[in-house]
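No value in this document is a laboratory result; all are computed from the given coordinates. It should be emphasised that the depicted structure is a prediction, and the values quoted were computed from it without experimental measurement. Note that we place each Cβ from the backbone using ideal geometry, even for glycine, and neighbour counts take in every protein chain shown.
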Amino acid sequence: MLRLSVQGVLSRGLSDPRLDGAMLTVTEVDLAPDYSNAVIRVSVLPVKAQKRSIAALQHAAKHVRHEVSEKLNLRSTPQFHFELDVSTKKQADVLAALSKVREEREAKGEPPPAEVALPEKLQGGKSASSSAGEGAGAEEPKEGL
């Protein structure tokens, strides 16, 4: 609920010119066990706006906290600390690298790599060996008991 509320406040916008043109997405909220502090990780696009956007969010933390407090009606609202979440950038970089490798392979006329078979427990199915032996070790019900 906290993540959604903070995202809602940020989506409505803050009147800070440092946030102009930046797209903010709350990716994660880590709440302290005593609920006194919350680290809010935010993804910022474009990349060039990241530093100034995080600075603006740190400056507006009390305002965002007040808005969230009114929305959620909590007994006590934690202090907000904003951090840049770079995991989405890393994911985008990995996907771009994989796409580049695929394009290079296609340009050379190489076939796509063979698909990797997932272990049964990840596929959610049963193998022929486990279904064939199903019930093999089970005892038959005895009559007359």
Query raised in the report: What size of dipole, in debye to the nearest 20, comes out for region 2-88 about its Cα centre when the only charges are +1 on Lys and Arg C-beta atoms and -1 on Asp and Glu C-beta atoms?
Result: 180 debye
Report summary line: The base-10 log of I(q)/I(0) that the Debye equation returns for region 2-88 at q = 0.18, 0.22 Å⁻¹, one scatterer per C-alpha, is -0.71, -1.05
